[in-house]
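The values are calculated or read from the model by the stated rules, or taken from the named source; none is laboratory data. Please read these numbers as outputs of a predicted model, since none were measured by experiment. Note that each Cβ is placed from the backbone with ideal geometry, even for glycine, and that neighbours are counted across all protein chains shown.
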Amino acid sequence: MTDLLRQEVATAATTIVVKVGTRVLTNPDATLDEVQISRLAEELNELTEADRRVVLVSSGAVGAGMSHMGLSARPTDLAKLQAVAALGQTKLIELYDRTFRKHGRHAAQVLLTAEDLDDRTRYLNVRNTLLALLEYGAIPIINENDTVAIEELATTFGDNDRLAALVTNLLRAPLLIILSDVDGLYTGDPTLDSSSLVPLVTDLDDKIVAYAEDKQTGHSKGGMASKLRAARIATVAGENVIVASGHRPGILRQIIDGEEVGTLFVAQGKSISPWKRWIGFSAQPRGKIVLDEGACKAIAQNGSSLLAIGITATDGVFDKGDVVAICDLHGNELARGLTNYPTTEIERIKGLKSDRIAQVLGSCPYQEVVHRDNLVTL
C-alpha cells in the first residue's frame, strides 16, 4: 500500500544515500553473500535508471576478506584484521562493479576516515569528488578506511550508520535509506509477538529512543540505537531517513514507489546550510563551553548568539576558530559553534557583559563568543 507522505519524500529524493549493513551482506558464518551483493547492485542500478543519483555506503569488507582468504572466524589480532579488511575491500568493490558493468555503469571506491570530514578543506574535496563521480554516471561506494581506523576497528567494524548520515549531510541528499536485518524500528524486541513496527517517526524523543535495543555481535556494530543516532543527524539537518529490511527483495523499488515499508523518520524543520552542517555534525569539537540556564534558553529557543555573560565554565584547550561543544550545566550538548575566543580569554571574560570585554582583554574584537551564523543547535 502506498502512502502520500512517503510518495512526496520519494519524489523529492533526486539524490539518495543507501547504507547497507554487514549482516545484510554476509552469511551466518560472517562470509560474504555474493548473491545478495548482486541483487542489491541490480536494485541500485534501477534507481539510477530512474534518474536518481545514488551513493552507497557499504559495510562488508571484513566479511569479503574472510571469504577471499577462506577464513572461518574473524581475526582477533588488529594487524590481521586490518589486512583482511584491505583484501576484502577490493573483492567487495569488484562484486558491485561486476553487476554495474552489465548496465554500462561503474563502481567507484571511496574510503574515508573521520579526519577527512573533520578538516574543512578535505571535507569540501570529498564533496566535490562525489559530485564529479555522480556526473560521470558512476555509483560511489563509500566505506570507512578500516586499514587505518585503528581505534574503531579494534573493537568493531566501525559505525557506518553515522558515516552514511554524514555523507547525506555532505551532499544535502533528501533521503537516506538504511538497509538493516530487521524491517525497521519496533516498539521492543523484533522477535517478540508483543512488539510492533513503528511506521512513522515525526519526533525522535525519549520514547522513540527507548525502543532501541543496541544488540552487538561479533560481526557488526550498530543495532537500532546506532540507526536512531544516524537518523537524528540527518533529520536535524532537514533530510528524511527510512530504515528497512535489506533482505526484502525489491526493497529500494518499494521505497521509491512510496510503499509503506520500514520506518520513515521525517525531516525536523528546514534544511540547514552546508556550512552549518559541517560545524554541527562533521567537525569534531576541540573543547566545551558550559552555559547558565538563561543562555541555554536564548540559544535553544531564540536562536541567539552566545555572549560571554552566559558562560559559566570551559573544558579543554581550544583556539579561536575551533569548533566547540556548547553544553548546559548538566553536561548535555545543546549546540556547536566556531568560537571567536581561545580558552584562556574566555576564562577571563566569562560571566561578563560584552561592554566589559575590552576593559579585561585590552580590546574587544568580537561582541559574541560564538556568533549565531556560526552556531548550530542540536
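Counting only residues that are basic (Lys, Arg) and closer than 18 Å to ARG253 by Cβ, how many does segment 164-179 have? First the steps, then the outcome.
Here is the first cut: in segment 164-179, the ones basic (Lys, Arg) are 172.
Still in the running and closer than 18 Å to ARG253 by Cβ: none.
So the count comes out to 0.
For segment 335-345, the criterion of being surrounded by 21 or more Cβ atoms within 10 Å (Cβ to Cβ), more than 22 Å from ARG232 (Cβ to Cβ), outside the structural domain of GLY238 (by TED's automatic domain parsing) and of a type outside the set (Val, Ile, Thr) is met by at least one residue.
Restricting to segment 157-213, name every residue that is assigned to a loop (DSSP other than H, G, I, E, B), closer than 13 Å to GLY223 by Cβ and acidic (Asp, Glu). If the condition is that a residue be assigned to a loop (DSSP other than H, G, I, E, B), closer than 13 Å to GLY223 by Cβ and acidic (Asp, Glu), then ASP159, ASP181, ASP189, GLU213 are the ones that fit. Run GLY258 past the list (1) at positive phi; (2) free of Cβ contacts under 8 Å to residues at least 12 places away in the same chain and report the number of the one that doesn't hold. Here GLY258 meets the rest and fails (2).
Every residue, every condition in (1) under 18 Å from the mean Cα position of the chain (by Cα); (2) in the same structural domain as TYR136 (by TED's automatic domain parsing); (3) at pLDDT below 95; (4) part of a helix (DSSP H, G or I), yes or no:
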residue: ASP29; (1), (2), (3), (4): no, yes, yes, no
residue: GLN36; (1), (2), (3), (4): no, yes, yes, yes
residue: GLU43; (1), (2), (3), (4): no, yes, no, yes
residue: ASP51; (1), (2), (3), (4): no, yes, yes, no
residue: VAL57; (1), (2), (3), (4): yes, yes, no, no
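Within the group GLY158, GLY137, GLY104, which residue is within 18 Å of ALA230 (Cβ to Cβ), small (Gly, Ala, Ser), in the same structural domain as VAL18 (by TED's automatic domain parsing) and modelled with pLDDT under 95? First the steps, then the outcome.
Details: GLY137 fails: within 18 Å of ALA230 (Cβ to Cβ); GLY104 fails: within 18 Å of ALA230 (Cβ to Cβ).
Answer to the selection: GLY158.
State which residue is surrounded by the most Cβ atoms within 10 Å (Cβ to Cβ) when the search covers only segment 38-90 and only residues that are touching a residue at least 60 places away in the same chain (Cβ under 8 Å) and β-branched (Val, Ile, Thr). The selected residue is VAL62.
Take the conditions (1) farther than 19 Å from ASN160 by Cβ; (2) touching a Lys or Arg at 6+ places or on another chain (Cβ under 9 Å); ARG53 misses just one of them, which is (2).
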